[in-house]
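The values are calculated or read from the model by the stated rules, or taken from the named source; none is laboratory data. A quick note: this is a predicted structure, and the numbers were derived from the prediction, not measured. A quick note on method: Cβ atoms are made from the backbone with ideal geometry, for glycine too, and the neighbour counts reach across all protein chains shown.
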Amino acid sequence: MDFSIRDARPEDMEQVLGLIQELADFEKEPDAVEVTVEDLIKDGFEGEKMFHCFVAETSEGIAGIALVYPRYSTWKGPAIHLEDLIVAERMRGSGLGSALLDEVIKYGHNLGVRRICWEVLDWNEPAIEFYEKKGAKVLRDWDVVQMDETGIKNYMETLN
């Protein structure tokens, strides 16, 4: 199946959210998605943009996304974070994931970043193999640390 990669537009966000939910289902977190179409439009296209999104489009609609945002490394300087690279299950193995990653790498290169970083679940061996084959280093001795909204609220209460 043919596809093209382009910058996302606000009207794509409903399909983008569908792919985000597909990823959450795949990662066994079906109830974890809290972001809405309205959030995606506001945060990605209005005022100070919080992310940049690429979409892979087929004749059947959007079949993949890559969403990135700026970071700063105290060791390296400017960086971008690849939050998610999602390929619809029906399109896996089509080259669409490689094309999206290519676009992210070109985007980072054009911005002059010194690092592009992202996470991958330790049980997602196909993704790990894909990234390593592309030349990425998977740092298996690092743990991801997060604090959710409840954790933030609870922490703030300890400061008072």
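Within region 110-120, can one find any residue that is surrounded by fewer than 11 Cβ atoms within 10 Å (Cβ to Cβ), closer than 25 Å to K28 by Cα and without any contact (Cβ under 8 Å) to a residue 12 or more places away in the chain? Within region 110-120, not a single residue is surrounded by fewer than 11 Cβ atoms within 10 Å (Cβ to Cβ), closer than 25 Å to K28 by Cα and without any contact (Cβ under 8 Å) to a residue 12 or more places away in the chain. What residue, of E83, E132, E125, is modelled with pLDDT of 95 or more and farther than 20 Å from A63 by Cβ? Exactly one of E83, E132, E125 is modelled with pLDDT of 95 or more and farther than 20 Å from A63 by Cβ, namely E132.
With the requirement that a residue be acidic (D, E), part of a strand (DSSP E or B) and surrounded by fewer than 17 Cβ atoms within 10 Å (Cβ to Cβ), what does region 37-65 give you?
Selection gives nothing.
Per the conditions (1) assigned to a strand (DSSP E or B); (2) closer than 15 Å to Y131 by Cα, the sole criterion not satisfied by L100 is (1). Regarding V68, is this residue among the β-branched types (V, I, T) and not in a strand (DSSP E or B)? No. Residues in region 1-36 that are of a type in the set (V, I, T), surrounded by 15 or more Cβ atoms within 10 Å (Cβ to Cβ) and in contact with a helix residue (DSSP H, G or I) (Cβ under 7 Å, 6 or more places away or on another chain): I5, V16. So, E149, is that one over 23 Å from I80 (Cα atoms) and either among the acidic types (D, E) or touching a residue at least 40 places away in the same chain (Cβ under 8 Å) (or both) or not? Against the criterion (over 23 Å from I80 (Cα atoms) and either among the acidic types (D, E) or touching a residue at least 40 places away in the same chain (Cβ under 8 Å) (or both)), E149 qualifies.
Looking only at region 127-151, count every residue that is over 25 Å from K76 (Cβ atoms) and either surrounded by 10 or more Cβ atoms within 10 Å (Cβ to Cβ) or among the polar types (S, T, N, Q) (or both) and tell me the total. Quick ask: steps written out before the conclusion?
We begin by selecting, within region 127-151, every residue over 25 Å from K76 (Cβ atoms); these are 129, 148-151.
Applying the additional criterion that residues be either surrounded by 10 or more Cβ atoms within 10 Å (Cβ to Cβ) or among the polar types (S, T, N, Q) (or both) yields 129, 148, 150-151.
Here the count works out to 4.
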